[in-house]
1. Could you please state, rounded to a whole Å, how far the C-alpha centre of the range 192-250 is from the C-alpha centre of the range 7-31?
2. Give me the Å³ per residue figure for the convex hull around the C-alpha atoms of the range 21-151.
3. Excluding Glu76 itself, calculate the net charge of residues whose Cβ lies under 11 Å from the Cβ of Glu76, where each Lys or Arg counts +1 and each Asp or Glu counts -1.
4. With no solvent and one point on each alpha carbon, what is the Debye value of log10 I(q)/I(0) for the range 146-200 at q = 0.22 Å⁻¹?
5. With the crude spin-label approximation of a point 7 Å out along Cα→Cβ, what separation in nm comes out for Glu76 versus Ser143?
6. Hey, any idea what the orientation-averaged projected area of the convex hull of the range 94-188's Cα atoms comes to, in nm²?
7. If you build a Gaussian network model of the chain, linking Cα atoms that sit under 10 Å apart, which residue out of Ala103, Ala58, Ala155 swings the most?
8. How would you order 8-14, 178-184 from highest to lowest mean count of nearby Cβ atoms within 10 Å?
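The numbers here are math on the coordinates, done by the rules we state, and not lab data. Values in this document were obtained by computation on a predicted structure and should not be read as measured data. Methodologically, a virtual Cβ is constructed for each residue, glycine included, from the backbone with ideal geometry; neighbour enumeration extends over all protein chains shown.
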Amino acid sequence: MGRGHSRDAYTIDTLHVGTMVIDGIESPVHAWLVRGRDTTILVDVGMPEADLVQKRWATECLLGGPQPMIDALGREGVSPSEIDTVVLTHLHFDHAWNIDLFAGARFVLQRAELLHAVDPVPTQRGSYSRDINAKIVGMRRPSELLLIDGDHDLADGLMLVATPGHTPGQMGLIVQTTRGRAGLSSDAGEHYANWYPADPRASDHPTRALADSFMPPKMLSEAIVPTLQAMSRFRSRCDIVVPSHDPRVPRHMPDQWWELPVADTLSHDREDSPAVLEA
Ligand SMILES: [Zn+2]
């Protein structure tokens with residue numbers, strides 16, 4: 001990579017906008033700010049307030065709601081009104097809650113995801129929200145809402161890639177930076193262990209039998225084989241994968257750039273920056 005892509009290159013900032021506690025382990029919720037070529041894009045809009053998550057979803061929650069999003073954007077010098085495009089990777093409540101903050105933006109999501117949000121597989125009924133669905137359906141096309149079917153070039157250097165598996169309309173955004181292509185995978189694989197299950201840097205329990213393969217997400221609407229195929233397709237199109245709920249993701253890309261965090265950062269505080277791993 002690095003063949004003079006600067007004109008079509010973007011920067012990416014990871015926004016920490018929520019924290020849930022799942023099986024006793026803190027699970028961060030992230031969104032991503034993508035900037036370049038006179039556009040300011042947000043990937044996912046974060047989750048509800050902590051007390052609402054505890055009440056409605058019976059999930060321990062330490063951080064959530066619009067304020068962490070506003071604060072995280074503010075740390076990057078951006079106000080919500082400056083976001084022109086919002087990519088919703090899927091419509092689960094921890095990714096699509098704070099839609100109201102971005103009234104001036106155009107929202108982009110898969111048509112298949114909207115249909116599934118209205119009538120999900122039974123195991124995911126609790127992960128969607130009628131409030132979110134109503135807000136999406138209430139948008140006026142096409143200035144506020146772009147529904148897409150499969151892969152879609154958002155702009156030069158910005159490719160939306162459909163990765164059905166976690167949900168039917170799950171998608172990721174592959175972003176061209178000066179160092180290479182970063183794949184914001186969302187929950188197509190929410191941890192490094194999903195993408196590199198045989199690597200001891202990625203997983204506390206590396207499984208050699210899974211070398212050159214993937215560990216599908218725990219929550220699935222699709223069958224495992226198509227899910228693995230979608231993950232493979234996504235992985236082959238980017239230079240690094242940035243998973244949604246792993247605390248070790250790079251904070252500022254391309255300044256920070258690692259395919260995998262180094263081993264001794266496995267359980268460290270999320271504000272620590274792992275050493276850059278040279279590919
Ligand atoms: Zn999620």
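1. Taking the Cα centre of each part, the range 192-250 and the range 7-31 sit 17 Å apart.
2. 121 Å³
3. My count for the surroundings of Glu76 gives 0.
4. For the range 146-200 at q = 0.22 Å⁻¹, log10 I(q)/I(0) is -0.89.
5. The two pseudo-label positions are separated by 2.6 nm.
6. Taking the Cα atoms of the range 94-188, their convex hull projects to 6.6 nm² on average.
7. Ala58
8. So the peptides 8-14, 178-184, ranked by packing, come out 178-184, 8-14.
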